[in-house]
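Comments concern the structure below.
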Amino acid sequence: MSSQKKRNFQIEAFKHRVVVDPKYAEKTWKILEHAIHEIYHRNASGLSFEELYRNAYNMVLHKFGEKLYSGLVSTMTFHLKEIAASVEASQGPLFLEELNRKWTEQNKALQMIRDILMYMDRTFIPSTHKTPVHELGLNLWRDNIVHSTNIQTRLIDTLLEIVQRERNGEVVDRGLMRNVVKMLIDLGPSVYQQDFEKPFLDVSSIFYRGESQQFIECFDCGEYLKKAEKRLIEETERVSHYLDAQSEVKITNVVEKEMIESQMTRLVHMENSGLVSMIVDDKYDDLGRIYNLFRRVPNGLSVIRDVITGHIRETGKQLVTDPERVKDPVEFVQGLLHEKAKHDKIVILAFHSDKTFQNALNSSFEYFINLNPRSPEFISLFVDDKLRKGLKGVSEEEVETVLDKVMMLFRYLQEKDVFEKYYKQHLAKRLLSGRSVSEDAERSLILKLKTECGYQFTSKLEGMFTDMKTSQDTMRGFYEAMGRTLANGPMLSVHILTTGSWPTQSTTTCNLPSEILTVCDKFKTYYLGTHNGRRLTWQTNMGSADIKATFSGGQKHELNVSTYQMCVLMLFNNADRLGYKEIEQAVEIPTVELKRCLQSLACAKGKNVLRKEPMSKDVSEDDSFFFNESFSSKLYKVKIGTVVAQKESEPEKQETRQRVEEDRKPQIEAAIVRIMKARRVLDHNNIVAEVTKQLQSRFLANPVVIKKRIESLIEREFLERDREDRKLYRYLA
Amino acid sequence: MAIQKDRVRFNVGGKIFETTATTLAIAGRESYFAAMFDENWDLQTNPAGEYFIDRNPDCFSILLDLLRTGELYIPPNVPEKLLYREALFYGLTDHIRSAKWGQFDGNRLHPLKSVTGRAPGDGTAIRASPDGGCCVAHGSMVHIYDWMLEEHPPINLDYQRVNDAGWVGSGDPTGLVISTCERLGRGQGGMGLFNSTTGELRYKFNVTHENVVKSYTAGALCFNDGCNLFSSCKGRSNEYGIGVWDQNTGQQVDFFYEPHGWSLGDADKLQWLNGSNCLLVATLFPRKDNCYISLLDFRSKSMVWSWSDMWSPANSDDRRVRDAIAMEENSSICVVNEFEDLGFMDLRRESGSVRWSSRSRLMKGKMPDEPCYPKLALHEGQLFSSMNDCISVFCGSDWVLTSRLRRSFGGSICDFSIGGDRLFALHSEENVFDIWETPPPSIV
């Protein structure tokens, strides 16, 4: 060193600014760039991980993170463009395979690049809000490969074509499909949805629209539904094999919409195979299928429900108005029960006991049962029949099932009070004639009615049972009190019926034979002696008698007859021939009843203990009657029924109807007063609505009748009309 | 004896280490070792059968020991900062963190350090960040410390007074929202989202009223899991109330206007209740003469619960509520007065009264010269209450006092915050804050 130079020194700042080799960054990046190239060329074995990691670290550390990042982007883009070209060049079926192979390689390369650049990922990227390396790689792949113009449409078309081939029954490479679809999913949900799912759904929609039109022309309803079901299963399977799980709902929606929803009405109404014929033929499988498929589409079930409701109403209407069926009440009710059982079974087996279907069924039954005003009477008659004979020798459970079925029909009745009327009549007859099979069954039914309609509904029916019981006790008491004094007279059995509890008929007296009259008077004295302040009236029209008669050849018979018949027959103890007028005068039975009674004594074949002249079916006022000596019967006991229609005759029906209407009046009035008392002021329409609602459980109140009752209440000054608004009513305390 | 198959030899900066692949696997996939031994890399050793790493061998030895034992022991001759830098290189910072301090438990806290700041005047707020760092607001400055308690460049708010600060959350570890006072005549103020490492402003949260951007003063802040940010706002044209913004876009999504006779825009404290999807808003004495506590339901735009001491009898002067916190698990709100008495209110009953707990008033009669109002915090079923220079910890269903945290230095505690398994307490006098943490559970 020369001293010359030594002197020539410069004064420098104590601290030098550290200058990194200006080429440092470029050099380091070259190393890393080279490594990325090698990685993409699958030639990484010569690379030193430690060196690369350290270099990437140093670049970030020395604030060259930006250069590193942008270098990475451009290098990766360069390679992806190369890959795009090679994928584009692949021919036909090799296209997908090439894409899949490159995708696998890209994933591996990306992982390695990320390994080297891990430090950048950890520090530089979060603080600069850049995309992390892995995500960056996926984004670049998406933009350069999947979204490249020459690949995008080709990829979609290929995928869709494979799906279509599989739909046509071909076997496809599901593994390859799964990988490629997985790639789309990995690239982000929006890529999968935009680049595959949406076109897939569109194409499927068109396909199934065509197929459904083709199928509906060729197949019947059942077959069509089987095909649709199969398609649905296929699509679900496809999703599980190679699509994203979230596509399942979407694709099944497409199938449902195109194959079911659009053809819904046509399928249901298909001639000879639609819903109605499925119901008629009890095709539970087909019905179950239609239910399961239609349930998937909006309004599907309501379409089924509407058709079924219509069908049941129509067939039900025919059932209740069929003049043949109306002839026999028992058959009529049996028919209803049969119909109900059939549809119940369908609802349970095919419709999964769907509540809405049960409701539809109930409302349909309610609709048509009430179409026939005689339904309440018939149902009561059905019960009557069952309780008289139908339930003999039947187990308790079976009795219960029958009764439950009856109750089910009873629930459908709108005019429950009419049923009550008839039921009371029929029950009275059963009790008085002692024809009821089982008291347990009777009581059980009354209990059911009570739980259904409340205490009020059955209190009178229960009263009837109580009367029967007390009558027995009274009779026992009577005979004990009388002792031997009655030994030779006729046996008397009296039922003491509380007025009001029983179906009363206008008291029709008749002249009882003197023998009977004596006993009756004794009983009357006894009864009134033990019960103060009561009044007894004889209901001769409801009684019966057993009398012994001797015919020619000493043939003896015991005749079971009604009280009226007994009175007539007793006359023949003293005469062999009597004219109609004579009989009428002697017994004073009302004409209609007398005629009916004579008819049954003289005209019924095999039961004619009297002879009539002239011989004819009907009884006229000029006829004369003889004791029929030659009467014979194989049986010792002969029951002579009264000629009385089991069903009510037209005038009787009118009468019952009238009585029902009459009974409703106080109930309607009571309801009006109750409502008005609570509300004070109310307009007409609201009163009608509330009254109808209150009385619903008993009968359907007629608005006209309600109006009349309101008017009557106004007359009696329970209510008044508002002075200004004539539609308003006021309650008068 | 056969050589163990998973034995690995490292040459780190010239020093040889031997370990096993199993030990290295503990580092996890996001570490240098996992990347290095990935099968993609056809890894070659040098002729001596070693893998070379050009790093500091002393630190490597500590980190290797951490992987082997799960415990961190730093010899006195190794600066912590050096070790942290090395851990960052290998991707082991999370291991360091979990070895350094354990899961937060108010009853096992130990003081780690006191950090002295340089800012003049009283601190406004201290907020723990999710990763164990914190920020301290002083006047118009916000100082930021990372988990190593390394100070980052402070954020200067250009002479606008900072009211509150809050960390956006784990999704964005560097996102810091700062709310400031409006500066009259300059149309500034409001809130902004800042990058805590670089200090740059990412965007501002605006209040718009009928499509006009208004300048406003932002008060207390609160975040919910659904990416919403809430703040109490006082706008220039009576935009008083609670504003709601989307954290990710910065767009205003809702505004709850303050009802007449109530206070929302001045609120001291906001708390989001996850279970009921409601926001607790508390305006407290002495900011206002009365306290107003309410729960807002933004879906129905209604105040579903409210309480105020303006309905209370006048003699309750000594029972001024100074802070409030909702405790959803108990369906109650806990409040505290200036004597550090705790009070409770039932959230299921509308406008109930405060049930003050019968805890003895230890503080009464010996108030320090510069008292600080009590503050409350809740963390995993533990209730924290700061009073003067000490923090009390309450546990159990009856909130029994179980621990007291106190350091003799720095004067009264004006704010504290729990987060990242650490508790930060800011003192008012010496501009000092303490860090408390729970030691990791012992290995043996």
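Quick one: would you say A:GLY188 is surrounded by fewer than 19 Cβ atoms within 10 Å (Cβ to Cβ) and on the phi > 0 side of the Ramachandran plot?
Spelling it out, A:GLY188 is indeed surrounded by fewer than 19 Cβ atoms within 10 Å (Cβ to Cβ) and on the phi > 0 side of the Ramachandran plot.
Out of the residues in the stretch A:544-587 meeting the condition of being among the aliphatic types (A, V, I, L, M) and touching a residue at least 60 places away in the same chain (Cβ under 8 Å), tell me which one is farthest from A:LEU601 (Cα to Cα).
Looking at residues that are among the aliphatic types (A, V, I, L, M) and touching a residue at least 60 places away in the same chain (Cβ under 8 Å), I get A:ALA586.
Go through A:VAL180, A:VAL172 for me and flag whichever is more than 43 Å from the chain's Cα centre (by Cα) and outside any helix (DSSP H, G or I).
One residue alone meets the criteria, A:VAL172.
In the stretch B:168-186, what residues are more than 13 Å from chain A (Cβ to nearest Cβ) and modelled with pLDDT of 70 or more? Spell out the reasoning first.
Of the stretch B:168-186, the ones more than 13 Å from chain A (Cβ to nearest Cβ) are B:169, B:177-186.
Of everything in the stretch B:168-186, those that are more than 13 Å from chain A (Cβ to nearest Cβ) and modelled with pLDDT of 70 or more turn out to be B:GLY169, B:VAL177, B:ILE178, B:SER179, B:THR180, B:CYS181, B:GLU182, B:ARG183.
For the stretch A:571-592, what are the residues that are closer than 19 Å to A:ILE516 by Cβ and buried (at least 19 other Cβ atoms within 10 Å of the Cβ)?
Within the stretch A:571-592, A:PHE572, A:LEU578, A:ILE583, A:VAL587, A:ILE589 qualify.
Scan the stretch A:262-301 residue by residue and report those that are more than 18 Å from A:GLU223 (Cβ to Cβ) and not in a helix (DSSP H, G or I).
A:ASP282, A:ARG295, A:ARG296, A:VAL297, A:PRO298, A:ASN299
Restrict the check to the stretch B:78-99 and report whether at least one residue is under 25 Å from A:ARG122 (Cα atoms), open to solvent by 50 Å² or more (accessible area, probe 1.4 Å), part of a loop (DSSP other than H, G, I, E, B) and within 14 Å of chain A (Cβ to nearest Cβ).
Within the stretch B:78-99, none of the residues are under 25 Å from A:ARG122 (Cα atoms), open to solvent by 50 Å² or more (accessible area, probe 1.4 Å), part of a loop (DSSP other than H, G, I, E, B) and within 14 Å of chain A (Cβ to nearest Cβ).
Inspect all residues belonging to the stretch B:121-136 and state whether any of them is free of Cβ contacts under 8 Å to residues at least 24 places away in the same chain, under 22 Å from B:GLY420 (Cα atoms) and away from every other protein chain (no Cβ under 14 Å).
no
Please work out if A:TYR69 is within 14 Å of another protein chain (Cβ to nearest Cβ) and either touching an Asp or Glu at 6+ places or on another chain (Cβ under 6 Å) or touching a residue at least 12 places away in the same chain (Cβ under 8 Å) (or both).
no
Have a look at B:GLU71, B:GLU30 and point out the one that is within 11 Å of chain A (Cβ to nearest Cβ) and touching a residue at least 40 places away in the same chain (Cβ under 8 Å). Outline the logic, then answer.
On the way: B:GLU71 fails: within 11 Å of chain A (Cβ to nearest Cβ).
Selected residue: B:GLU30, the only one of B:GLU71, B:GLU30 that is within 11 Å of chain A (Cβ to nearest Cβ) and touching a residue at least 40 places away in the same chain (Cβ under 8 Å).
In the stretch A:86-105, which residues are of a type in the set (Asp, Glu) and either exposed (fewer than 14 other Cβ atoms within 10 Å of the Cβ) or touching a residue at least 40 places away in the same chain (Cβ under 8 Å) (or both)? Outline the logic, then answer.
To start, the set of residues in the stretch A:86-105 that are of a type in the set (Asp, Glu) comprises A:88, A:97-98, A:105.
Result: A:GLU88, A:GLU97, A:GLU105.
Taking the stretch A:442-501 on its own, how many of its residues are of a type in the set (S, T, N, Q) and more than 24 Å from A:ILE379 (Cα to Cα)?
10
Can you find a residue that is at negative phi, open to solvent by 40 Å² or more (accessible area, probe 1.4 Å) and touching a Leu at 6+ places or on another chain (Cβ under 9 Å) anywhere in the stretch B:55-63?
Yes, the conditions are met somewhere in the stretch B:55-63.
For A:ARG443, are the conditions met, namely being open to solvent by 20 Å² or more (accessible area, probe 1.4 Å) and not in a helix (DSSP H, G or I)?
Considered against the rule, which asks whether it is open to solvent by 20 Å² or more (accessible area, probe 1.4 Å) and not in a helix (DSSP H, G or I), A:ARG443 comes out as no.
Select from the stretch A:21-50 the residues that are assigned to a helix (DSSP H, G or I) and open to solvent by 70 Å² or more (accessible area, probe 1.4 Å) and write down the one among them that is nearest to the other protein chains (Cβ to nearest Cβ).
Restricting to residues being assigned to a helix (DSSP H, G or I) and open to solvent by 70 Å² or more (accessible area, probe 1.4 Å), the top hit is A:GLY46.
Can we say B:GLY265 is at positive phi and part of a loop (DSSP other than H, G, I, E, B)?
No, not satisfied.
When you scan the stretch A:527-646 for strands (runs of 3 or more DSSP E) that lie fully inside it, which ones turn up with 2 or more residues that are of a type in the set (Ser, Thr, Tyr) and under 25 Å from A:PRO490 (Cα atoms)?
On the way: elements: A:544-550, A:556-562, A:577-579, A:610-613, A:624-627, A:637-639.
Answer list for the stretch A:527-646: A:544-550.
How about the stretch A:288-309: which of its residues are of a type outside the set (A, V, I, L, M) and open to solvent by less than 40 Å² (accessible area, probe 1.4 Å)? Before the answer, list the steps.
So the first thing to find is which residues in the stretch A:288-309 are of a type outside the set (A, V, I, L, M), and the list is A:288-289, A:291-292, A:294-296, A:298-300, A:302, A:305-306, A:309.
Matches in the stretch A:288-309: A:GLY288, A:TYR291, A:PHE294, A:GLY300, A:SER302, A:THR309.
Do we find that A:THR158 is part of a helix (DSSP H, G or I), within 14 Å of chain B (Cβ to nearest Cβ) and either touching a residue at least 24 places away in the same chain (Cβ under 8 Å) or of a type outside the set (Gly, Ala, Ser) (or both) in this structure?
On the way: part of a helix (DSSP H, G or I): yes; within 14 Å of chain B (Cβ to nearest Cβ): no; either touching a residue at least 24 places away in the same chain (Cβ under 8 Å) or of a type outside the set (Gly, Ala, Ser) (or both): yes.
Spelling it out, it is not the case that A:THR158 is part of a helix (DSSP H, G or I), within 14 Å of chain B (Cβ to nearest Cβ) and either touching a residue at least 24 places away in the same chain (Cβ under 8 Å) or of a type outside the set (Gly, Ala, Ser) (or both).
Got a sec? Which of A:LYS198, A:LYS108 is within 14 Å of another protein chain (Cβ to nearest Cβ) and open to solvent by 60 Å² or more (accessible area, probe 1.4 Å)?
None of the others qualify; the one that does is A:LYS108.
Tell me whether the stretch A:200-214 contains one or more residues that are closer than 30 Å to A:HIS269 by Cβ and of a type in the set (Phe, Trp, Tyr).
Yes, because at least one residue in the stretch A:200-214 is closer than 30 Å to A:HIS269 by Cβ and of a type in the set (Phe, Trp, Tyr).
Out of the residues in the stretch B:37-57 meeting the condition of being touching a Gly at 6+ places or on another chain (Cβ under 9 Å) and part of a loop (DSSP other than H, G, I, E, B), tell me which one is nearest to the other protein chains (Cβ to nearest Cβ).
So, considering only residues that are touching a Gly at 6+ places or on another chain (Cβ under 9 Å) and part of a loop (DSSP other than H, G, I, E, B), the one nearest to the other protein chains (Cβ to nearest Cβ) is B:ASP42.
Return only the number of the condition from (1) assigned to a loop (DSSP other than H, G, I, E, B); (2) of a type in the set (Ser, Thr, Tyr); (3) more than 12 Å from chain A (Cβ to nearest Cβ) that B:THR22 does not satisfy.
The failed condition is (1).
Only one of B:VAL336, B:VAL400 is more than 28 Å from B:TRP167 (Cβ to Cβ) and either open to solvent by 20 Å² or more (accessible area, probe 1.4 Å) or at pLDDT 80 or above (or both). Can you tell me which? Don't jump to the end; show me each part of the working.
On the way: B:VAL336 fails: more than 28 Å from B:TRP167 (Cβ to Cβ).
Result of the check over B:VAL336, B:VAL400: B:VAL400.
Hey, among A:CYS510, A:CYS520, which residue is touching a Cys at 6+ places or on another chain (Cβ under 8 Å) and open to solvent by less than 70 Å² (accessible area, probe 1.4 Å)? First the steps, then the outcome.
Working: A:CYS520 fails: touching a Cys at 6+ places or on another chain (Cβ under 8 Å).
Going through A:CYS510, A:CYS520 in turn, the sole match is A:CYS510.
The values are calculated or read from the model by the stated rules, or taken from the named source; none is laboratory data. Everything numeric here is computed off the predicted structure, so don't read it as measured data. Every residue, glycine as well, gets a Cβ built from its backbone with ideal geometry; the counts of neighbours run over all protein chains shown. For accessibility, only protein heavy atoms count, side chains too; no ligands or nucleic acids. Shrake-Rupley method; radii C 1.70, N 1.55, O 1.52, S 1.80 Å.
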